[in-house]
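The values are calculated or read from the model by the stated rules, or taken from the named source; none is laboratory data. Since we're looking at a predicted model, the values are computed, not measured. Neighbour counts run over all protein chains shown; Cβ positions are idealised from the backbone, glycine included. Protein only, heavy atoms only, side chains kept; ligands, DNA and RNA dropped before computing areas. Shrake-Rupley method; radii C 1.70, N 1.55, O 1.52, S 1.80 Å.
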Amino acid sequence: MKYHTLVRQALIIDGSNTPGYIADVGLREGRIEKIGDLSAARGEHEVQANGRVLAPGFIDVHTHDDTVVIRQPQMLPKLSQGVTTVIVGNCGISASPVSLRGDPPDPMNLLGKAEAFVYPRFADYRAAVENAQPALNVAALIGHTALRSNHMDDLQRTATPTEIALMRVQLQESLAAGALGLSTGLAYASAFSADTDEVLQLSEELTAFGAVYTTHLRSEFEPVLEAMDEAFLIGRHAQAPVIISHLKCAGAGNWGRSPQLLASLEQAAKSHPVGCDCYPYAASSSTLDLKQVTDAFRITITWSTPHPQMGGRDLQDIAAEWDVSLMDAARRLQPAGAVYYGMDEADVQRILAHPLSMVGSDGLPEDPFPHPRLWGAFPRVLGHFSRDLGLFPLHTAVHKMTGLSAARFGLAGRGEIREGYWADLVLFDPLRVRDVADFKDPQRAAEGIDGVWINGVLSYCEGLANGRRAGRFLERSGDLRGGF
């Protein structure tokens, strides 16, 4: 028997949250054909794993890679981490369906300038991804804020019945064309004025498709439990699973409340499919939001349109140099981006370790000085949190980034090492794997990622991308009405 690729003597951690085992894996025509003792077989390409870990490729469930997958399809920040699938369209912002009348509203500007938004229909975006053939697989959510911007002349109010009807048509068309579900970013000014009923009505389109509802909560600060209740209400109404994006206790006054948040999540999960994602850092990153400007913790500017030279500098230092208050400095910098050191490490670890949480990077590829999660999130879970701190065993770390993620988003045939599944795989050294990117030097590839296959094609090997791009657009392939 001859395979296209044969990986010998790997420690298989298969994504199912069970301990690993030593085996050979044979790949043919983009899929995993055989797992076991293949010592008598041969491969056109053979890899001696020598006990290194072979895991499913990591699924980054929370990205803002919507337009970069088309413009920079090599996707090195993700490929170098072992990521083989990105889910775009999070936090209510998506590249499609979008018809701009000017500059993209905040925070849609996180996805690029106006010229990046050229997909009035979701089918147009899907075709563009397929034509670009990125190095990674791409699956997409539809952003609530994107829909609002298409049909509303003023985002500082709730939508009218006519506007909601028009949004529903676009959402329905997008779901029919393979979108995974609906995302909201209710904390942002462009969606905060949308009342719960607006989202409830939109969410009704999810029901027929068995699609998912994901949400950047209306607040991650003091009213976070009320915001979670709103999310659960919307999910129950639509009979749609709920995924809370980057669950956190934001703001110094909120630190230590993670047990309350997780208890709320657990209670909701007793009667409805719910979960969350999180990133493995105690600092967030987004646009510079005046509501979050404080002297209670450090804030670093990642970009500024009027003052680009301030990227990488702390807001406090900028304010001192200009001899103005923090708030006045922030106003002068806008539009801008920022990293907020506004979380407590104990809360981050508690949420990350919880069985209902997955891993998502929430990286911002457009930032000239990005948060290091763009390059380091997944190796950080494997190295720092699993190996070094012992927060959970390695097979659980892998599960949170693979099998759990595929199940939550209905990505059939992905996320586990099983015969017949697509050969999205990562080979890594469990003793060497670690994130190298940090807040001072954030654009650095991880160590210990030795091989990455996408749909059976080796695209990253021994620390280098080889230019082969075998990614696909992944349409929703599972009906989630019965749960994850």
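For the pair R101 and R481, what calculated FRET efficiency results from E = 1/(1 + (r/R0)^6), where r is the Cβ-Cβ distance and R0 = 35 Å, to the nearest 0.05?
0.45
Between helix 258-269 and the chain, what is the angle of the helix's C-alpha long axis to the longest principal axis, kept within 0 to 90° and rounded to the nearest 10?
Between helix and principal axis, roughly 70 degrees.
Output the antiparallel fraction of DSSP beta bridges having both residues in the chain, as a percent to the nearest 5. The partial results should precede the final answer.
On the way: 37 of 69 bridges.
About 55 percent, rounded to the nearest 5.
Can you compute the equivalent ellipsoid semi-axes for segment 157-226, i.e. the square root of 5 times each eigenvalue of the Cα gyration tensor, sorted largest first and rounded to whole Å?
22, 15, 9
Going by average Cβ density within 10 Å per residue, which order do the peptides 164-171, 297-304 take, highest to lowest?
Going by the mean number of other Cβ atoms within 10 Å, highest first, we get 297-304, 164-171.
In terms of the ratio Rg/(2.2 N^0.38 Å) built on C-alpha atoms, what value belongs to segment 285-338?
Values: Rg = 9.4 Å, N = 54, 2.2 N^0.38 = 10.0 Å.
Dividing the Cα Rg of segment 285-338 by 2.2 N^0.38 Å gives 0.94.
Of the listed peptides 408-420, 442-454, 51-63, what is their order by residue-averaged count of other C-beta atoms within 10 Å, with the highest listed first?
Order by mean packing, descending: 51-63, 442-454, 408-420.
Determine the dipole magnitude for the chain: charges of +1 sit on the beta-carbon of Lys and Arg, -1 on that of Asp and Glu, nothing else is charged, the reference point is the Cα centre, and the result goes in debye to the nearest 20.
Dipole size: approximately 1100 debye.
When only C-alpha pairs under 8 Å and at least 6 residues apart count, what is the relative contact order of segment 361-438, in percent?
About 35 percent, as a whole number.
Aspartates and glutamates within cross-link reach of K270: Cα-Cα under 17 Å, excluding same-chain residues under 8 positions apart?
Result set, ordered by chain and number: D229, E230.
For A176 and E29, FRET efficiency with R0 = 45 Å and r from the beta-carbon atoms, rounded to 0.05?
That gives a FRET efficiency of 0.95.
Please compute the per residue accessible area over the chain with all protein chains in place, 1.4 Å probe, rounded to a whole number of Å².
Details: 17260 Å² over 484 residues.
That works out to 36 Å² per residue.
I need the phi-derived Karplus couplings for segment 53-67: 6.51 cos²θ - 1.76 cosθ + 1.60, θ = phi - 60°, integer Hz, Gly and Pro marked x.
Values per residue, Gly and Pro as x: 7, 10, 10, x, x, 6, 9, 8, 7, 9, 10, 10, 8, 3, 9 Hz.
Straight distance only, please: which lysines reach the Cα of K34 with their own Cα at less than 19 Å, same-chain residues fewer than 8 apart left out?
K2
Run the quick spin-label model on H384 and E115: label points 7 Å from Cα toward the beta carbon, then report their separation in nm to one decimal.
Distance between label points: 3.6 nm.
Of the peptides 383-389, 470-476, how do they stack up when ordered by the mean number of other Cβ atoms within 10 Å, highest first? Please report the intermediate quantities before stating the final value.
Values: 383-389: 17.3, 470-476: 21.0.
Descending packing order for the listed peptides: 470-476, 383-389.
Report the relative contact order of the chain, percent, no decimals, based on alpha-carbon pairs under 8 angstrom and at least 6 residues apart.
21 percent
Just report the Cα centroid separation between segment 106-174 and segment 404-452, whole Å.
A separation of 28 Å, based on Cα centres.
Which of the lysines could a cross-linker span from K400 if the Cα-Cα distance has to be under 19 Å and same-chain partners fewer than 8 positions apart are dropped?
Straight-line reach from K400, under 19 Å: K78, K248.
How far is it, in nm, from the label point at Y341 to the one at N50 when both lie 7 Å from their Cα along the line to the Cβ?
4.0 nm
Would you mind checking segment 134-157 for residues with the amide N under 13 Å from a putative spin-label position 7 Å along Cα→C-beta of K291?
Hits in segment 134-157 for K291 at 13 Å: 156-157.
DSSP beta bridges in segment 138-253, what fraction antiparallel, as a percent rounded to 5?
Values: 0 of 10 bridges.
Roughly 0 percent of the DSSP beta bridges within segment 138-253 come out antiparallel.
Once you put a point 7 Å from the Cα of A127 and another 7 Å from the Cα of L166, both along the Cβ direction, what distance in nm separates them?
Using points 7 Å along Cα→Cβ, the separation is 2.3 nm.
Please report the net charge: other residues with Cβ closer than 9 Å to the Cβ of G112, K and R +1, D and E -1.
Every neighbour counted, the sum reads -1.
Output the relative contact order of segment 1-122, whole-number percent, from Cα pairs under 8 angstrom with separation of 6+ residues.
On the way: 213 pairs, mean separation 25.7, N = 122.
This gives 21 percent for segment 1-122.
Give the distance, in whole Å, between the Cα centre of segment 55-92 and the Cα centre of segment 348-396.
So the separation of the two Cα centres works out to 15 Å.
Using alpha carbons only, how many degrees (0 to 90, rounded to 10) separate the axis of helix 224-238 from the longest principal axis of the chain?
Once rounded, one gets 70 degrees.
Can you show me the helix-derived [θ] at 222 nm for the chain, built from DSSP H runs with n ≥ 4 at -39,500 (n - 2.57) apiece and divided by the number of residues, rounded to the nearest 500.
Value at 222 nm, helices only, nearest 500: -7500 deg cm²/dmol.
Please work out which option in [x] 135; [y] 127; [z] 170 gives volume of the Cα convex hull per residue in Å³ calculated from these coordinates, and answer with its label.
Step by step, volume of the Cα convex hull per residue in Å³ for this structure corresponds to label [y].
For segment 285-338, give the magnitude of the charge dipole about the Cα centre (Cβ charges: +1 Lys/Arg, -1 Asp/Glu; no others), in debye to the nearest 20. Can you show the working numbers first?
Details: 5 positive and 7 negative charges, 39 e Å.
Using Cβ point charges on Lys, Arg, Asp and Glu, segment 285-338 gives about 180 debye.
Which part of segment 90-117 falls in the paramagnetic zone of T305, meaning amide N under 13 Å from the point 7 Å along Cα-to-beta-carbon?
102-115
I need the calculated FRET efficiency for the pair D37 and L76, taking r as the beta carbon distance and R₀ as 30 Å, to the nearest 0.05.
0.25
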